[in-house]
Structure formats: C-alpha cells, structure tokens
C-alpha cells in the first residue's frame, strides 16, 4: 500500500449518486480531514432511482446531482463530476473507458477508489450491473488506458491531457476485502452525507441502525475492537 503521506489526490468513480456515500463516505471524510484532495466522478445521474411517484421523472437527474453535491460537502469534497450515462444501462465500453481516462488525466490521482468489477454473491445488491460496469471500465482506465499516451489519442491530441499512472486502486464491495478503515469518529458525517440523498433515504427510518450493523461487522472482520465501525476495501497495487 501507498504511504498516506504519498497520497495528495484521490479520484473516486461510481455508477450512481449515493454509491460512494453508502460504501466509503467515512473513509473520504478521514482523507479530506488529513488534507487530501478528493474528486468524485459519477457515471450516471441516477435517473432510474427515487421512490416518490409524485416527482416528475424528468426532474430526477437534476435532483440527484444536487443531492450528490450536497452529500459531498458533508465529507469535505467540492469537486463532483458527472458523465451523464443512462442509469440502468451502463456498459463496459471504449467510450466509458475514455471518459474515465479523461478524468484521471485531469485529476492526476495517486489513488483511486472504485466499485468492484467482481460480483459479490454475499451482497448481491452491491453488485448492481451498473456497479460492475463502472468497476470494469475504471480498472481498464487505470490500466492500461490512462497511463498509455497512445490510448484514446484524442485526449492528448485534442485536449492536451498527458498520460497519468495511478499507483493504487481501492475496490468497494469486493468479495475478498483485505483493508479496513476505522470510521467511528466520522460516522456522523457519513450519515449526514447519506441523509443528503433525500430521494433515496428519506423513507429509511432505520438508516443509522442499518449502517451501524454493517460497519460493526466490518470492524470485527478487520480485527478492530468491539464498538468500532469500519469500511472495507480490496487494495490493489497498479504499478509494476
């Protein structure tokens, strides 16, 4: 793993608004508190989400973008980018790889946090097809695309974006986690970020209790003392 002092910038790529907050908002809060610059890249606008039938479906993309921006502020993130792909139809493609590579070359992160491209049969909802597609495209953008000046040549030729090598990837919702981050002291900020997604969580009266159950279990798996809360990841070195 990278030494924390060697990480100045982190890029997080997810399929939908709120994915990062369910999986990693506590970890993000610890990074921003330490002075790390964190940027979000959200592949879709979450236009297939929401539970209120009274809301005009045409308004959902704008609502969910605004919610993600508000949630990001709760954990110290101001750089939130949206790629605008269709929710529910995200697919591993050259176009998605190119668009994520563009953001990598713009942000130039040492570390990326992405969704697992491997299905987690123990947590099937975490392996939404859009999540798997975002994860697969992200890891392909990390290696080999973003670091290869001859991949997606228009990024360099037309936009002046030089190749960039990401040194490390953290995967959310992987079936074989090997790293646990203690988020007990920032758990209230994680819940605030989740509550900012009003269209997704307003109906969840048990949201905090549910999160405490999940992240208490993670902490025990990670060997933390009883009563602590942890987010879990698979850490993958990407340089050779």
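The table below gives the values:
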| read-out | value |
| --- | --- |
| Theoretical gain in end-to-end length, residue 217 to residue 2 [0.36 nm per residue, Cα-Cα removed] | 74.8 nm |
| Antiparallel %, DSSP beta bridges [both residues in the chain], to 5 | 30 |
| For the range 33-59 versus the range 179-233, the gap between their alpha-carbon centres in whole angstrom | 19 |
| Calculated [θ] (222 nm, deg cm²/dmol) that DSSP helices of n ≥ 4 give over the chain, each run adding -39,500 (n - 2.57) | -11000 deg cm²/dmol |
| Mean Cα-pair separation over length for the chain, i.e. relative contact order, pairs under 8 Å, 6 or more apart, % | 25 |
| For 143, 40, order by how many other beta-carbon atoms lie within 10 Å, fewest first | 143, 40 |
| Residue 79-residue 226 FRET efficiency (beta carbon distance; Förster radius 45 Å; 0.05 resolution) | 0.75 |
| Gain upon complete extension [residue 167, residue 93; 0.36 nm per residue less C-alpha separation] | 24.4 nm |
| Neighbour-count order for 240, 215, fewest beta carbons within 10 angstrom listed first | 240, 215 |
| Inter-label distance for residue 122 and residue 56, nm, one decimal - labels placed 7 Å from Cα along Cα-to-Cβ | 4.6 |
| Extension gain from residue 86 to residue 204, taking 0.36 nm per residue of separation minus the Cα-Cα distance | 39.9 nm |
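Values in this text are rule-based calculations from the coordinates and carry no lab data. Just so you know, these numbers come straight off a predicted model, no measurement behind them. We place every Cβ from the backbone using ideal geometry, glycine too, and count neighbours over all the protein chains shown.
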